[in-house]
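Undergrad: Here's a structure for you.
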Amino acid sequence: MENKLIVSIDDFKKLEIKIGHILSVEKIPDSEKLLKLSVDFGEDNPRQIVSGISKYFENTQDLVGKKCAFATNLEPRTIFGSESHGMILAVSGGDYFSLLEAHSNVTPGSMVK
């Protein structure tokens with residue numbers, strides 16, 4: 001497997017990966033793949049995360065209640081008119097897709113180490 005870019009451990013440590021509890025999900029109008037997630041990270045207010053994962057879920061409401069890993073210190077981006085404050089982490093290949101999920105007893109906001 002070819003590495004595209006090698007990063008130092010110091011650069012990797014800059015990335016903040018936390019467990020978030022998905023509170024609600026809604027499809028973004030006029031988009032086939034985008035979902036707007038409301039995610040609890042144990043902060044004062046839930047964060048809005050926009051993700052292109054709709055095609056992997058026949059019923060997008062199945063995401064509600066999941067505890068997944070998110071990159072939380074990315075620069076906010078506006079996607080289809082909705083501001084996103086992080087990125088959900090997943091693995092995918094030709095015939096598979098899987099969110100990086102945590103056990104149900106993990107507290108929202110826990111850091112991935």
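The values are calculated or read from the model by the stated rules, or taken from the named source; none is laboratory data. Since this is a predicted model, take the numbers as computed values, not measurements. Neighbour counts are summed over all protein chains in view; Cβ atoms, including those assigned to glycine, are modelled from backbone coordinates with ideal geometry.
Undergrad: So for the stretch 4-23 (the condition being touching a helix residue (DSSP H, G or I) at 6+ places or on another chain (Cβ under 7 Å) and surrounded by fewer than 15 Cβ atoms within 10 Å (Cβ to Cβ)), does at least one residue qualify? Step through it out loud before you land on a result.
TA: In the first step, residues of the stretch 4-23 are kept if they are touching a helix residue (DSSP H, G or I) at 6+ places or on another chain (Cβ under 7 Å); the result is 22.
Applying the additional criterion that residues be surrounded by fewer than 15 Cβ atoms within 10 Å (Cβ to Cβ) yields none.
No: the stretch 4-23 contains no residue that is touching a helix residue (DSSP H, G or I) at 6+ places or on another chain (Cβ under 7 Å) and surrounded by fewer than 15 Cβ atoms within 10 Å (Cβ to Cβ).
Undergrad: Given the conditions (1) outside any loop (DSSP other than H, G, I, E, B); (2) surrounded by 11 or more Cβ atoms within 10 Å (Cβ to Cβ); (3) touching a strand residue (DSSP E or B) at 6+ places or on another chain (Cβ under 6 Å), report the number of the one that SER92 does not fulfil.
TA: (3)
Undergrad: Output the number of the condition that LYS113 fails; it satisfies all remaining conditions of (1) modelled with pLDDT under 95; (2) part of a strand (DSSP E or B).
TA: Going through the list (1) modelled with pLDDT under 95; (2) part of a strand (DSSP E or B), LYS113 breaks only (2).
Undergrad: Pairs under 7 Å by beta carbon, first residue more than 16 Å from LEU99 (Cα to Cα) in the stretch 69-80, partner at pLDDT 95 or above and of a type in the set (Gly, Ala, Ser), six or more apart or different chains?
TA: These pairs meet every condition: LEU74/GLY86; PRO76/SER84; ARG77/SER84.
Undergrad: Moving on. Over 13 Å from the mean Cα position of the chain (by Cα), over 21 Å from VAL106 (Cα atoms) and either aromatic (Phe, Trp, Tyr) or part of a loop (DSSP other than H, G, I, E, B) (or both): which single residue out of GLU26, GLU32 fits that description? So that I can check it myself, show each step before the final result.
TA: Working: GLU26 fails: either aromatic (Phe, Trp, Tyr) or part of a loop (DSSP other than H, G, I, E, B) (or both).
GLU32 is the lone residue from the list that is over 13 Å from the mean Cα position of the chain (by Cα), over 21 Å from VAL106 (Cα atoms) and either aromatic (Phe, Trp, Tyr) or part of a loop (DSSP other than H, G, I, E, B) (or both).
Undergrad: Quick test for you: out of LEU34, LEU63, LEU23, LEU74, pick the one residue that is modelled with pLDDT of 95 or more, farther than 16 Å from VAL112 by Cβ and in contact with a Gly (Cβ under 7 Å, 6 or more places away or on another chain). Give the steps one after another, and end with the answer.
TA: Values: LEU63 fails: in contact with a Gly (Cβ under 7 Å, 6 or more places away or on another chain); LEU23 fails: in contact with a Gly (Cβ under 7 Å, 6 or more places away or on another chain); LEU74 fails: farther than 16 Å from VAL112 by Cβ.
Going through LEU34, LEU63, LEU23, LEU74 in turn, the sole match is LEU34.
Undergrad: Looking only at residues that are modelled with pLDDT of 95 or more and within 15 Å of ASP40 (Cα to Cα) in the stretch 84-104, which one is farthest from the chain's Cα centre (by Cα)?
TA: Only one residue tops the list, namely ALA102.
Undergrad: Would a scan of the stretch 38-61 turn up a residue that is out of contact with any Asp or Glu (no Cβ under 6 Å at 6 or more places or on another chain), touching a residue at least 24 places away in the same chain (Cβ under 8 Å) and aromatic (Phe, Trp, Tyr)? Break it down into steps so the answer makes sense when it comes.
TA: Step one: filter the stretch 38-61 for residues out of contact with any Asp or Glu (no Cβ under 6 Å at 6 or more places or on another chain), giving 38-45, 47-61.
Checking the rest, the ones that are also touching a residue at least 24 places away in the same chain (Cβ under 8 Å) come to 39-43, 47-51, 53-54, 56, 60-61.
Next cut, aromatic (Phe, Trp, Tyr) only: 41, 56.
Looking through the stretch 38-61, at least one residue is out of contact with any Asp or Glu (no Cβ under 6 Å at 6 or more places or on another chain), touching a residue at least 24 places away in the same chain (Cβ under 8 Å) and aromatic (Phe, Trp, Tyr).
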